[in-house]
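Okay, so here's the structure we're looking at.
The values are calculated or read from the model by the stated rules, or taken from the named source; none is laboratory data. Since this is a predicted model, take the numbers as computed values, not measurements. Please note: Cβ atoms are built from the backbone with ideal geometry, for glycine as well, and neighbour counts cover all protein chains shown. Heads up: the accessible areas ignore ligands, DNA and RNA and are worked out on the full protein's heavy atoms, side chains in. Shrake-Rupley method; radii C 1.70, N 1.55, O 1.52, S 1.80 Å.
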Amino acid sequence: MAELIRDTRPEACIDIEQVAPDYEAQAQETGNRPGSLLAYLLLGIFFGIVLIKSEVASWFRIQEMFRFQSFHMYGVIGSAVVVAGLSVQLIKRLRLKTIHGEPIEIQPKIWGKGVRYWLGGILFGLGWGLLGACPGPMFALLGSGVTVMVVAIASAMLGTWAYAVLRPRLPH
Amino acid sequence: MLEWLSQPWPWYVAGPLIGLIVPLLLLIGGKSFGVSANLRHLCAAVLPTRVDFLRYDWKRQGLWNLTFALGILLGGFIAATLLASSDPYVQISEATRADLAALGITDFRGLVPSELFSWKGLMTLPGLVMVVLGGFLVGFGARYAGGCTSGHAITGLAALQFPSLVATIGFFIGGLIATYLILPLIL
């Protein structure tokens, strides 16, 4: 676990998703090629099918998880992390590039005071516990015919907007 | 084949398949797996605002992710139609079923309890709280924390990022509070 990244630099409020270094900008350009977009669409379809068929998108399964009454959800998330982690290590060790030849970088998350991870995490968890769906499953459920998820998505957008407005005043 | 795919998938099939999305997105375009940023892209696209956080080139930064989200929606549709399971019940444990029945859940068909997660359910107080407040907190919390289950609990943990571990612990604290303190109050 020597590679745990604990960044305590002061620029805590910089949003990793907003500040995009040059290589990222380049990747964004190629990422919007029609061929790449088709690949993202297909991967999304694949993810949506898995979310529904594994019942990860089920409110019942999320309740089962938070009540520690089945291994199912822990198995899904745990094995996903293991496979993803091994793949990321492989990509790093072999210095693999994207299919367009760009270097692959995973931007480290900036720790700052850490407040955003604790508080944001807990607020997100409250929502996850109530709604029983995180953002991926919200879209999958809507597609599967739970049409009321449109309201949940609109609400989540409103929550995102509220964060954007309050952001300068929130501790990060 | 189709019949086999129509069964509920076990965790040891679903988990590794989800995990594989992480390297595939990296290899295709250097993208980090995450879904909640789409909520921000959608806000930036449709809500007129002067807020800095929502003023950026959402097409350039987010088109790939929005396309991915559209795919998730289509995937949900395919799973529920072409690959629909013949058994309408999610096979949750007896203990969970008993706990939820004690809270007053009666309809266990489908992926979500229809008495809460339907247009009719939205007209009830618990349904309204769970869908509207739950959705709001998911959106607010995900952006505050800088990611959701996919961005932190999967991508972040896989990349051994300490902040993601903290966020994931936070997700669980929040979920436990919702499950044991809030749900008994509103249901």
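General remarks:
- With DNA, RNA and ligands ignored, accessible area of B:Phe136 (1.4 Å probe; Å², nearest 10): 60 Å²
- Pairwise burial A:B, computed as accessible area of each alone minus the pair, summed, 1.4 Å, Å²: 11600 Å²
- Share of carbon and sulfur in the accessible area of chain B stands at 69%, probe radius 1.4 Å.
- With the biggest extent put first, the Cα atoms of the range B:73-173 measure 41, 34, 29 Å across the principal axes.
- Computed over protein heavy atoms with a 1.4 Å probe, the accessible surface of the protein assembly as shown works out to 41 Å² per residue.
- Taken along the Cα-to-beta-carbon direction at a fixed 7 Å, the label points for B:Ile173 and A:Gln107 span 2.6 nm.
- Percent carbon-and-sulfur accessible area, the range A:35-172, ignoring ligands, DNA and RNA, probe 1.4 Å: 71 percent
- Per the Debye calculation on the range A:109-170 with a single equal scatterer at every Cα and no solvent contribution, log₁₀ I(q)/I(0) for q = 0.20 Å⁻¹ amounts to -0.86.
- Distance between the range B:27-85 and the range B:137-187 - C-alpha centres, whole angstrom: 19 Å
- Contour excess over end-to-end distance, with Cα ends at B:Leu125 and B:Leu103 and 0.36 nm allotted per residue: 6.5 nm
- Under the combined filter of DSSP loop state and at most 10 neighbouring Cβ atoms within 10 Å, the range B:22-67 retains these trypsin sites (Lys or Arg not before Pro): B:Arg50.
- Along its three principal directions, the equivalent ellipsoid of chain B from the Cα gyration tensor extends over semi-axes of 29, 23, 18 Å, largest first.
- For the protein assembly as shown, the Kirkwood estimate of hydrodynamic radius, built from reciprocal distances between every pair of different alpha carbons, is 20.2 Å.
- Gain on full stretching of the segment that runs from A:Val150 to A:Leu38 - 0.36 nm per residue minus C-alpha separation: 37.9 nm
- Projected label points at B:Glu115 and A:Arg95, each 7 Å from Cα along the beta carbon direction, are separated by 6.2 nanometres.
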